[in-house]
Amino acid sequence: VLTAAAGADIYVKSKVHTDAFAMMGQSQPAKDETSEQWFNDDQFATLTSENSIIVDLKKNLIYIINNKNKSYIESGLPFDFTKILDPQMAQMMGQMMKMTVTAAANGQKKTIGQWKCDGYDVTINMMMMPMKMAVWASTDVPFDLAKFQGLYTTVMKAQMRLDDASVKELLKVKGYWISSEMTAEMMGAKMRTTNE
């Protein structure tokens, strides 16, 4: 992780909050954590307390690291998580994990920190569970946004198994995501996560 991060050009630190929720008799307390991202023209790393993901487009590899048990998976791109599951589970999960994405500008404007942002509504449907996101994005960032979006597209396709139509929808969000609020409901449990 340090090798990938040390040579990166851009560093982003995000505050992530997840509200408490209960599902299937299990309670999850509210959680606050910090996420760090490093990226340059062809490398991307996301670091959290639980796991880290490194994408190296030069080598066409993704590394998924479990920080708690000190293990990792290395895979070529695009990453196919079904290869690490038994065949029956892989088939079921492959169907469940198919996603569709819609995104549209909502006409709202807001300043967050030093960034002038435009508002977007993004919906991600996975396993028939819609996740609604209120996104605030800015084009006023101190790096080449076009290069970042090219890298971001590759990373999203690799990590989330998005098809070209879903990626095209995500690219309707013009700029870097400065802030987002995601809400979802699954098995009666309401979930909410914010990222800034």
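The values are calculated or read from the model by the stated rules, or taken from the named source; none is laboratory data. Keep in mind the model is a prediction, meaning the values are calculated, not measured. No Cβ is skipped: glycine too gets one built from the backbone with ideal geometry, and neighbour counts run over all protein chains shown. Surface accessibility is based on the protein's heavy atoms, side chains included, excluding ligands, DNA and RNA. Shrake-Rupley method; radii C 1.70, N 1.55, O 1.52, S 1.80 Å.
Of everything in the range 99-110, what is open to solvent by 30 Å² or more (accessible area, probe 1.4 Å), in contact (Cβ under 8 Å) with a residue 12 or more places away in the chain and closer than 13 Å to residue 135 by Cα? Give them in sequence order. If the condition is that a residue be open to solvent by 30 Å² or more (accessible area, probe 1.4 Å), in contact (Cβ under 8 Å) with a residue 12 or more places away in the chain and closer than 13 Å to residue 135 by Cα, then 102, 104, 105, 106, 107, 110 are the ones that fit. All of (1) part of a helix (DSSP H, G or I); (2) modelled with pLDDT of 85 or more; (3) among the β-branched types (Val, Ile, Thr) hold for residue 123 with one exception: (1). For the range 111-152, filtering for residues that are closer than 27 Å to residue 185 by Cα, open to solvent by 70 Å² or more (accessible area, probe 1.4 Å) and touching a Cys at 6+ places or on another chain (Cβ under 8 Å) leaves 0. Scanning the range 17-47 for residues that are of a type in the set (Val, Ile, Thr) and more than 12 Å from the chain's Cα centre (by Cα) yields a total of 2.
For the range 6-65, which residues satisfy the criterion of being of a type in the set (D, E, K, R), under 19 Å from residue 153 (Cβ atoms) and open to solvent by 50 Å² or more (accessible area, probe 1.4 Å)? Quick ask: steps written out before the conclusion?
Initial filter on the range 6-65 (of a type in the set (D, E, K, R)): 9, 13, 15, 19, 31-33, 36, 41-42, 50, 56, 58-59.
After this cut, where a residue has to be under 19 Å from residue 153 (Cβ atoms) as well, the list is 9, 41-42, 56, 58-59.
If the condition is that a residue be of a type in the set (D, E, K, R), under 19 Å from residue 153 (Cβ atoms) and open to solvent by 50 Å² or more (accessible area, probe 1.4 Å), then 9, 41, 58, 59 are the ones that fit.
For the range 66-79, taking the residues that are charged (D, E, K, R) and touching a residue at least 12 places away in the same chain (Cβ under 8 Å), the one that is surrounded by the fewest Cβ atoms within 10 Å (Cβ to Cβ) is identified as 68. Does any residue of the range 175-186 turn out to be at pLDDT below 95, open to solvent by 20 Å² or more (accessible area, probe 1.4 Å) and more than 25 Å from residue 51 (Cα to Cα)? No, the range 175-186 contains no residue that is at pLDDT below 95, open to solvent by 20 Å² or more (accessible area, probe 1.4 Å) and more than 25 Å from residue 51 (Cα to Cα). Within the range 153-174, the set of residues being over 24 Å from residue 58 (Cα atoms), open to solvent by less than 30 Å² (accessible area, probe 1.4 Å) and not in a helix (DSSP H, G or I) comprises 173 only.
I'm trying to understand the selection: among the residues of the range 16-49, which are of a type in the set (A, V, I, L, M, F, W, C) and in a strand (DSSP E or B)?
Going through the range 16-49, the residues of a type in the set (A, V, I, L, M, F, W, C) turn out to be 16, 20-24, 30, 38-39, 44-45, 47.
Answer for the range 16-49, where residues must be of a type in the set (A, V, I, L, M, F, W, C) and in a strand (DSSP E or B): 16, 21, 22, 23, 38, 39, 44, 45, 47.
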